[in-house]
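As C-alpha cells, the structure follows; a few thoughts come after it.
Just so it is clear, none of the values below were taken in a lab; they were calculated from the coordinates. Fair warning: this is a prediction, and the values are worked out from it, not measured in the lab. Neighbour counts run over all protein chains shown; Cβ positions are idealised from the backbone, glycine included.
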Amino acid sequence: MSMKGKKVLVTGAGGFTGSHLSRELVKQGADVRAYVKRGSPLTNLSDIMDRIHLIKGDIQDYTNLSNAMKGVDFVFHVAAIVPVHESRDLPYLSTQVNTVGTFNVAWSAVQAGVKKLLYTSTCHVYGNQPESQLPIKEETVPNPLDIYSATKYAGEILLKQFVNIDGIEIIITRAFNKYGPNQVGDWLFPKTIKKVLTQNKITVGNPNSTRDYSYIEDVVQGYILALEKGKNGDIFNLGSGRENSVKEIVDKIIAISGRKVNVEWETFRNIDILRSFGDCTKARKVLGWEVKTSLDDGIRRTVEWWKQHPELLK
C-alpha cells in the first residue's frame, strides 16, 4: 500500500504529533485533510498550508466531522486532550473529547465508508507495571492511573466494537514518550530545554523515574506503517525499547546545549509512573519499523529548533 494519491483525514492536525504526521503524509504524496479545532493556532502547519486541505471543526461536533469524512480513504485519529495536568483539571471535557470524540470519529468513518482508521492511543494506558512485565508488551493488561490514560483506554475499548463491522479496519498504536521540534508545554523535553537555555539554576522532578523516548519523526513513520501493514484489530507498541531516567535526559540536554546549569530535584507527583519502556518486537517484525534517530541526535535537533525560536523562550 502507498499513501500517494490517497485521501487522508488527520484529526488534531495542528498539534505536535498531528502536524508532524500531516507533513510526512504530504511528503509521501497523500491528499491530506487537516482537521483542526476551531480557534486553535496553525503555527505548526505554516510550512505546508498550501499543500493541505484545512478543515476547522471539533470531534465533539458529529455533523461537521461527518462532512469532513466524505470521500476519505484513511483516518489517523490523533486529536485529544493530552497534557496530563490539563486532563486532570478538566475530567468531563477530557472524557467528552478523548472517549466520546473517538466514538464520533469512528462512527462517522464507518458511515462514510472509510477503509482504515488508526487510533493513536498511548503507553500511559499501561500505568505502573511490576518488574516481571517490563519491558511492556502489547498483551500486558492496561492499568490506567489518571483521567488521561483512562479516557484514552476507554477509546480503545469503544473501538474494539468496530473491529467486527464490515467495511472498516481499526488499528491501534500505543506510542511511548515522544519528543522533538514543535513540542511545547509541560513535557520533560520542552520544559527542560526552555529552562536550560534561559536559566542558570533549574528545578526538575523525580530524577529516577524512567521512560522510553523516541524522536517524533520516527514515531509518525510508525503510525503510517501501522495503518499500511496492520490488520484489523492489531495493537502496536511504538518506542525505542530503551529505558532512560529523567536525570539521564536532563544531563544530556545540558551537555548538548553547551550551558552550565545547576539542577535541583523535586519529589515525584502523587500519581506517577515509576518505570516505563516498551517491547516493540511486534512493530519490528510486522511493520519493519524501528527507531532510527539516536537519543543524542534527536536532542541535538530539538535543542537547535528551540534556539531558532527565541520568541518561545520568553
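Here is how the numbers come out for the structure above:
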item: When the range 43-177 is reduced to its Cα atoms, the Kirkwood hydrodynamic radius in Å; result: 15.9 Å
item: Label-point gap, in nm, between ALA255 and HIS309 - each point 7 angstrom along Cα→Cβ; result: 2.6 nm
item: Vicinal HN-Hα couplings computed from phi for the range 143-158 (Karplus, 6.51 cos²θ - 1.76 cosθ + 1.60; Hz; Gly/Pro x); result: 9, x, 9, 9, 5, 4, 5, 5, 6, 5, 5, 4, x, 4, 4, 4
item: GNM result for the chain, Cα springs below 10 Å: residue of THR43, THR102, THR302 fluctuating most strongly; result: THR43
item: Cα convex hull of the range 168-307, projected area averaged across orientations, nm²; result: 8.9 nm²
item: Of ASN182, ASN64, ASN98, the one that fluctuates the most in a GNM where the chain has Cα springs shorter than 10 Å; result: ASN64
item: Net length gained if the chain between LYS115 and LYS231 were fully extended (0.36 nm per residue, minus Cα distance); result: 40.6 nm
item: Relative pair counts by distance (%), Cα atoms of the range 101-221, 10 Å bins; result: 11, 33, 33, 17, 6, 1
item: TYR92/LYS137 FRET efficiency (R0 22 Å; Cβ-Cβ; nearest 0.05); result: 0.10
item: Cα Rg over Rh - the chain, Kirkwood; result: 0.95
item: The range 32-88 shape via C-alpha gyration tensor axes, a/c threshold 1.5; result: oblate
item: Gaussian network model of the chain, Cα within-10 Å springs - most flexible of ALA175, ALA13, ALA68; result: ALA68
item: Mean shadow area of the range 71-138, taken as a quarter of the surface of its Cα convex hull (nm²); result: 5.8 nm²
item: For LYS7, residues with placed amide H under 5 Å, excluding near neighbours; result: ASP31, ASP73, PHE74
item: Magnitude of the charge dipole, the range 26-132, Cβ model with Lys/Arg +1 and Asp/Glu -1, debye to 20; result: 300 debye
item: Helix-derived mean residue ellipticity, 222 nm - over the chain, DSSP H n ≥ 4, -39500 (n - 2.57), to 500; result: -10000 deg cm²/dmol
item: Length added when fully stretched, ASN244-GLN199, from 0.36 nm per residue minus Cα-Cα; result: 13.8 nm
item: Coil-residue trypsin sites (Lys or Arg not before Pro) of the range 182-249, DSSP, other Cβ within 10 Å capped at 11; result: LYS231
